[in-house]
Amino acid sequence: MRTAAIITEYNPFHNGHAYQLDRVRQLSGADFILVVMSGDFVQRGTPAIFDKYLRAEMALRCGADLVLELPCAAASGSAPRFASGAAALLDGLNVVDELWFGSEEGRMEPFAALADFLSHEPENFRLKLKDCLRSGVSFPSARMQALLALFPELNLPFDSAEALRAFLTSPNNILGLEYCLALRRLNSPICPRTLKRVGSGYHQEELSARFSSASAIRRSLLRLGPESVRRQVPEQVYSLLAEAWNSSIALQEDDFSLPLRYQLLKETESSLRQYLDVPEDLARRILRLQNEYVSYSQFAALLKTRNNTRTNMNRALLHILLGLTLQDAEASVSPSCARILGLGSCSGLLTAIKANGSLPLISKTADLPAGLYEKELFASNLYETVRAWKSGQPFIHEYSRQIRIIR
């Protein structure tokens, strides 16, 4: 039995995702495709446009066999934390042969070479990295600066320093490199593989003929409605998407403006500093500017500085809203179970995980380890509270939610 894995958000599921699933099945020869997917909140530090169960169903109807949830502290984290949490989850299942990811690069050689170099970190690189970090830039920027400064002596498979820079500033390449590094740290037998990304760039906000970015699809959907993105998603996804839209259950960050404002009113500088991605200077800035708060998106934009990106501010505010701390982040990269969001005809895969994996499979929320998943439950119930309020539909507690089963 061969199993291929994909780590994703499906926010929402679109033609590019369907293409990836088809190509992975063709190229890997896998009997099963296992997906690790973000839950109700995503890496941009915002709510997913649709809830995790609906997005899992979209994936299952387009070729995925099993969808597992990535814990919230990892799903809403920077690339290293996102990758580490997902890789640890896959490694703990002990059934995955290959991890496939999309990239702007499309070849594994640069990923393997950089992962090998960064895993060993020779002395000259460590010293240069420390120098770059002292200038106050972020770790990814410092790492890139150090690599570029030492490029002539590194023997990496890039034609020039500019080619290396282009590689390290492409978002899917960055995430793919972090997957490779995470698997190496775990000494995992899972083999990373990459597919060249097709269609629009990650940040492109205009729709293209067929393969548009998720951000462009969200933007068009929120402005113009589901008909505007009909050509960008598989037909079986469109029917789910349109039904959800017509029920007013598409969410965005400003739907959470009031809960966030309430939470910020309770905070002090010391309490803010306990949250993930909220350093001392940001805690002071939040308190200084909070009387200017209008909405989630407006306040994130207000907090943004030259060294703190809008995404970083979104993440910090989300972690405050959800009460996520450094301890939660550490727990997310050492998962204690694998939570099922949806499954297809994959009894052989489930049997193999139960026989070989070190993580129990959880299909009922009530079976989650006591004391470890309160914040996951809170995040899910907060999302559902806002969804129910916006749509006028009844609230459904996470304990009562059913996984999606598509045979």
- Task: Scan the stretch 264-275 and give yes if some residue there is surrounded by 16 or more Cβ atoms within 10 Å (Cβ to Cβ) and closer than 30 Å to S170 by Cβ, otherwise no.
- Result: yes
- Message: Can you report the number of residues in the stretch 307-331 which are touching a strand residue (DSSP E or B) at 6+ places or on another chain (Cβ under 8 Å) and among the polar types (S, T, N, Q)?
- Response: 1
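Every residue, every condition in (1) without any contact (Cβ under 8 Å) to a residue 24 or more places away in the chain; (2) out of contact with any helix residue (DSSP H, G or I) (no Cβ under 9 Å at 6 or more places or on another chain), yes or no:
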residue: A48; (1), (2): no, no
residue: M58; (1), (2): no, no
residue: L66; (1), (2): no, no
residue: A75; (1), (2): no, no
residue: S84; (1), (2): no, no
residue: N94; (1), (2): no, no
residue: P110; (1), (2): no, no
residue: H120; (1), (2): yes, yes
residue: K128; (1), (2): yes, no
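Would the stretch 378-396 turn up any residue that is of a type in the set (K, R) and more than 16 Å from K52 (Cβ to Cβ)? Let's see the steps before the verdict.
First, pick out the residues of the stretch 378-396 that are of a type in the set (K, R): 387, 390.
Filter once more, so that each one left must be more than 16 Å from K52 (Cβ to Cβ): 390.
Yes, the conditions are met somewhere in the stretch 378-396.
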- Which of the residues belonging to the stretch 155-185 are surrounded by 17 or more Cβ atoms within 10 Å (Cβ to Cβ) and in a loop (DSSP other than H, G, I, E, B)? L156, F158, S170
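Answer with yes or no whether T365 is among the β-branched types (V, I, T), in contact with a helix residue (DSSP H, G or I) (Cβ under 9 Å, 6 or more places away or on another chain), modelled with pLDDT under 95 and assigned by TED's automatic domain parsing to the domain that holds L68. Can you show your working first?
Details: among the β-branched types (V, I, T): yes; in contact with a helix residue (DSSP H, G or I) (Cβ under 9 Å, 6 or more places away or on another chain): yes; modelled with pLDDT under 95: yes; assigned by TED's automatic domain parsing to the domain that holds L68: yes.
Spelling it out, T365 is indeed among the β-branched types (V, I, T), in contact with a helix residue (DSSP H, G or I) (Cβ under 9 Å, 6 or more places away or on another chain), modelled with pLDDT under 95 and assigned by TED's automatic domain parsing to the domain that holds L68.
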- Note on the structure: All-but-one check, L264 against (1) of a type outside the set (S, T, Y); (2) in contact (Cβ under 8 Å) with a residue 12 or more places away in the chain; (3) assigned to a helix (DSSP H, G or I); (4) farther than 30 Å from A331 by Cα, failing number (4)
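From the set of residues in the stretch 186-220 that are of a type in the set (K, R) and buried (at least 16 other Cβ atoms within 10 Å of the Cβ), which is modelled with the lowest pLDDT? Full working, then the answer.
Let us first name the residues in the stretch 186-220 that are of a type in the set (K, R), namely 193, 196-197, 210, 218-219.
So of that shortlist, the ones also buried (at least 16 other Cβ atoms within 10 Å of the Cβ) come out as 193, 197, 218-219.
Values: R193: 98, R197: 89, R218: 95, R219: 94.
That would be R197.
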- Message: Please go through (1) over 17 Å from the mean Cα position of the chain (by Cα); (2) in contact (Cβ under 8 Å) with a residue 24 or more places away in the chain for Q26 and return the number of the only condition it doesn't satisfy.
- Response: (2)
- Message: With the requirement that a residue be under 12 Å from I7 (Cα atoms) and among the hydroxyl-bearing types (S, T, Y), what does the stretch 32-58 give you?
- Response: S38
- Give the residues of the stretch 46-93 that are of a type in the set (K, R) and in contact with a Gly (Cβ under 6 Å, 6 or more places away or on another chain), sorted by residue number. K52
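Among the residues of the stretch 102-118, what is the count of those that are under 23 Å from the mean Cα position of the chain (by Cα) and not in a strand (DSSP E or B)? Lay out the reasoning, then the answer.
From the stretch 102-118, those under 23 Å from the mean Cα position of the chain (by Cα) are 102-108, 110-112, 114-115, 118; that's our starting set.
Narrowing the set further to residues that are not in a strand (DSSP E or B) leaves 104-108, 110-112, 114-115, 118.
Qualifying residue count, the stretch 102-118: 11.
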- Would it be correct to say that D40 is modelled with pLDDT of 95 or more, farther than 22 Å from A244 by Cβ, acidic (D, E) and not assigned by TED's automatic domain parsing to the domain that holds F299? no
- Close pairs from the stretch 234-249: first in a loop (DSSP other than H, G, I, E, B), partner among the charged types (D, E, K, R) and crowded, with 16+ Cβ neighbours inside 10 Å, Cβ under 8 Å, at least 6 apart: P234/R61; I249/D51; I249/R387
- Query: What is the one condition in (1) of a type outside the set (A, V, I, L, M); (2) modelled with pLDDT of 95 or more; (3) out of contact with any Ser or Thr (no Cβ under 9 Å at 6 or more places or on another chain) that F101 does not satisfy?
  - Reply: (3)
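The values are calculated or read from the model by the stated rules, or taken from the named source; none is laboratory data. Keep in mind that this is a model prediction, so the values were computed, not measured. So basically every Cβ, Gly included, is an ideal-geometry build from the backbone, and we count neighbours across all protein chains shown.
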